[in-house]
Amino acid sequence: MGNQVEKLTHLSYKEVPTADPTGVDRDDGPRIGVSYIFSNDDEDVEPQPPPQGPQPYDPRLHEVECSVFYRDECIYQKSFAPGSAALSTYTPENLLNKCKPGDLVEFVSQAQYPHWAVYVGNFQVVHLHRLEVSNSFLTDASQGRRGRVVNDLYRYKPLSPGAVVRNALAHVGAKERELSWRNSESFAAWCRYGKREFKIGGELRIGKQPYRLQIQLSAQRSHTLEFQSLEDLIMEKRRNDQIGRAAVLQELAMHLHPAEPDEGDSDAARTTPPPGRPPAPGGEDEAREAAVH
């Protein structure tokens, strides 16, 4: 395909081999996510217009509860359990009272990608937006969205607050080809944790899928996708929050067709994954050929 490929768009769940939503594998087939090899900052797309009229933001309605695992280690968790910080959002003005230099801040709104930033003090944040790292006032960067401090979502050991701020400020003004991150979340998380996995090409795609995105469907049911790299997984996770919980569940329902309920159990519905599809041939090269792994 050569240079005709400008952006690799997301495939729907019905095109992606995955695991059973109960969390129990029924076979040894692959559970494969999508590689976003050539996708740039996902916030470059025009935002969806907000719904008409005042709409209170409820993360339980608009966001997807999920966990991320690297092999057997949980490295990220967004939980909506009572008392969870993920349930609390604030106006930009109130959020300023909760921020300390080095904090990660996330701005959220219905039908938009979450926007992450690093608070650097003096009411300012550094963030990746529109393919450029900028230093902005927090209230300006929010663009009217509610926000929260999200230091505890990733479970990596953070750098010192001073190092986080220095990492962020050192890249102000970087743009386009100078960037090493696909989106605001990857940039902000790299500033705080300093891990190369958040950078573009920070990990080799060698055919294995060591990362797992576990989407919580209900208290007892979950659905799992596997990815070759953390940056691919982050793109999928962010997309899920952008389209919203209801749309994600609808995609999964269309992909995982319910079987006939067992006799005597009319309320039970069993779902099974489709046969696994092998990865497409080819991969990453200088000719920019797209591959789904």
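Of the helices (runs of 4 or more DSSP H) that lie entirely inside the stretch 156-267, those containing 3 or more residues that are of a type outside the set (S, T, N, Q) and open to solvent by 40 Å² or more (accessible area, probe 1.4 Å) span 161-169, 245-255.
Out of curiosity, is Val118 touching a strand residue (DSSP E or B) at 6+ places or on another chain (Cβ under 8 Å) and under 27 Å from Glu65 (Cα atoms)? Criteria met by Val118. Checked against (1) at pLDDT 95 or above; (2) under 19 Å from the mean Cα position of the chain (by Cα); (3) among the aromatic types (Phe, Trp, Tyr), Phe137 passes all but condition (2).
Whether any residue in the stretch 16-37 is over 27 Å from Gln220 (Cα atoms), modelled with pLDDT under 95, outside any strand (DSSP E or B) and not β-branched (Val, Ile, Thr) is what I want to check. Yes, the stretch 16-37 contains at least one residue that is over 27 Å from Gln220 (Cα atoms), modelled with pLDDT under 95, outside any strand (DSSP E or B) and not β-branched (Val, Ile, Thr).
Screening Glu106 against (1) modelled with pLDDT of 95 or more; (2) more than 15 Å from Cys191 (Cα to Cα); (3) in contact with a Leu (Cβ under 9 Å, 6 or more places away or on another chain) leaves a single unmet condition, (2). Which members of the stretch 78-125 meet the condition of being part of a strand (DSSP E or B) and in contact with a His (Cβ under 8 Å, 6 or more places away or on another chain)? Glu106, Phe107, Val108, His115, Trp116, Ala117, Val118 - these are the residues of the stretch 78-125 that are part of a strand (DSSP E or B) and in contact with a His (Cβ under 8 Å, 6 or more places away or on another chain).
Among what's in the stretch 140-153 and is of a type outside the set (A, V, I, L, M) and under 13 Å from Val118 (Cα atoms), pick the residue that is farthest from the chain's Cα centre (by Cα). Out of the qualifying residues, it is Ser142.
Every listed requirement among (1) open to solvent by 40 Å² or more (accessible area, probe 1.4 Å); (2) touching a Cys at 6+ places or on another chain (Cβ under 9 Å); (3) assigned to a strand (DSSP E or B) is met by Asn135 save one, (2).
Residues are listed down the side, and each one gets a yes or a no for (1) under 22 Å from Arg182 (Cβ atoms); (2) not hydrophobic (A, V, I, L, M, F, W, C):
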site	(1), (2)
Val126	yes, no
Glu132	yes, yes
Asp152	no, yes
Arg155	yes, yes
Leu159	yes, no
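Only a single item in (1) open to solvent by less than 30 Å² (accessible area, probe 1.4 Å); (2) more than 11 Å from Arg148 (Cβ to Cβ); (3) at pLDDT below 85 is not met by Gly83, and it is number (1).
The values are calculated or read from the model by the stated rules, or taken from the named source; none is laboratory data. It should be emphasised that the depicted structure is a prediction, and the values quoted were computed from it without experimental measurement. Backbone-built Cβ (ideal geometry, glycine too); neighbour counts: all protein chains shown. Just so you know, the surface numbers come from the protein's heavy atoms only, side chains and all, with ligands and any DNA or RNA stripped out. Shrake-Rupley method; radii C 1.70, N 1.55, O 1.52, S 1.80 Å.
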